[in-house]
Amino acid sequence: MIKRIESDLIKSNVFIVSQDDNCVIIDAGVEPGKLEIEGNVLGIFLTHAHYDHAFFALEYAKKFNCKIFASKFAEEYLRNPDYNYSKGKLKIDDFNSFVFLDSQGELKLKNITIDYKTLGGHSKSDMMYKIEDDIFVGDVLIGRDMGRTDLYGGDKLKMKESLEYLLNENYSIMHCGHGEDFNKFTQNKVINLWLKYLNR
Ligand SMILES: [Zn+2]
């Protein structure tokens, strides 16, 4: 079961993905007190390290006594408020609660299996997560919109590579960093339009 909660931080999404009595949390923009969680939290996963997605990560880790999983490129964003765009409010120096992920792989946390894959284009820290038939892409694609490539670490060429990867990925539902969920049929049409734009 997947629950989507919209935050007060530029309406970023937090997803709670549950299987039986366990769950993982994807992104951390919603205040911990507003999360209604039944069962054990096995881990927090960050789609990228912009403040609207990472702001409460440390508080979640403390509250639920679990690790935060993120791209190895997340660290420099979390150390530096200018890179995570928090206007000085998000600055992490202690990374004991973090597990940094490299390029791609699979994690098994009890009964939940999470595949991860480094993307890019919106930020250096972009990471896609796949749980069963659902993918979580952060701000690489926001519904019909391509994610911004003009922020620190953004890169149009990497965005093109990410979109090409997503075009060929197998999934049923794409969950974006903001807004509603969409199916693969819809998103492939959107991706093809953006690739046309990027290939001009
Ligand atoms: Zn972002």
Q. Filter segment 32-49 for residues that are outside any strand (DSSP E or B), buried (at least 16 other Cβ atoms within 10 Å of the Cβ) and among the aliphatic types (A, V, I, L, M); which is modelled with the lowest pLDDT?
A. Leu35
**Q.** Boolean, Asn84 is over 22 Å from Lys3 (Cβ atoms) and free of Cβ contacts under 8 Å to residues at least 12 places away in the same chain
**A.** no
Q) What strands (runs of 3 or more DSSP E), lying completely within segment 50-154, carry at least 3 residues that are surrounded by fewer than 18 Cβ atoms within 10 Å (Cβ to Cβ) and away from the ligand (no atom under 16 Å from the Cβ)? A) 104-109
Q. Surrounded by 15 or more Cβ atoms within 10 Å (Cβ to Cβ) and either without any contact (Cβ under 8 Å) to a residue 12 or more places away in the chain or assigned to a loop (DSSP other than H, G, I, E, B) (or both), is that true of Gly29?
A. yes
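Would you point out which residue out of Lys72, Lys117, Lys67, Lys124 is among the basic types (Lys, Arg), closer than 27 Å to Tyr152 by Cβ, touching a strand residue (DSSP E or B) at 6+ places or on another chain (Cβ under 7 Å) and touching a residue at least 40 places away in the same chain (Cβ under 8 Å)?
Numbers: Lys72 fails: touching a residue at least 40 places away in the same chain (Cβ under 8 Å); Lys67 fails: touching a residue at least 40 places away in the same chain (Cβ under 8 Å); Lys124 fails: touching a strand residue (DSSP E or B) at 6+ places or on another chain (Cβ under 7 Å).
So the residue among Lys72, Lys117, Lys67, Lys124 that is among the basic types (Lys, Arg), closer than 27 Å to Tyr152 by Cβ, touching a strand residue (DSSP E or B) at 6+ places or on another chain (Cβ under 7 Å) and touching a residue at least 40 places away in the same chain (Cβ under 8 Å) is Lys117.
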Q.
Yes or no: segment 162-169 includes at least one residue that is buried (at least 18 other Cβ atoms within 10 Å of the Cβ), touching a residue at least 24 places away in the same chain (Cβ under 8 Å), hydrophobic (A, V, I, L, M, F, W, C) and part of a helix (DSSP H, G or I).
A. yes
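The values are calculated or read from the model by the stated rules, or taken from the named source; none is laboratory data. If you're wondering where the values come from, they're calculated on a predicted model, not measured in any experiment. Here the Cβ is made from the backbone with ideal geometry for all residues, glycine too, and neighbour counts use every protein chain on show.
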